[in-house]
Amino acid sequence: MDWPHDPDGEEGSEGRRKYGHAVLAKKVDEDEDFPFTAGEYVEQYGDHPVRVDYERVVSVEEIFENIDDDEEFEDFPEFHRAVGEAMREADYWPYRLEHA
């Protein structure tokens, strides 16, 4: 896939130093951007790359496939909760918790 910028460059995962949520969160200004909808976020950043682990890069749009476009985020906790659930559903979450 042709990305609008290098997934590991300064606009992406910063040389593989930032993954998943960190890459998504740095696109948002907490003081100016909230509230916004998932659809608005995808419209602006959908083709941007997100490194989900050391081997895999996916688009923002792929991560948001399991989030309703009309879902509105009032703050970072709501945003992170929805994105985390979507990443787990799509098996983009690199860590697994084992239940006893």
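Bear in mind that the values in this text are calculations on the coordinates, not laboratory data. Quick caveat: nothing in here was measured; it's all calculated off a predicted structure. Heads up, the Cβs are rebuilt from the backbone with ideal geometry, glycines too, and the neighbour counts pull from every protein chain shown.
Backbone geometry of the stretch 8-13 corresponds, through the Karplus equation with coefficients 6.51, -1.76 and 1.60 at θ = phi - 60°, to 3J(HN,Hα) couplings of 10, x, 4, 7, x, 9 Hz, x marking Gly and Pro.
Against the empirical 2.2 N^0.38 Å (N residues), the chain has a Cα radius of gyration ratio of 1.04.
Counting beta carbons within 10 Å around each of V60, V50, V23 and listing the fewest first gives the order V60, V23, V50. The mean sequence distance of close C-alpha pairs (under 8 Å, at least 6 residues apart), as a share of the length of the chain, puts its relative contact order at 27 percent.
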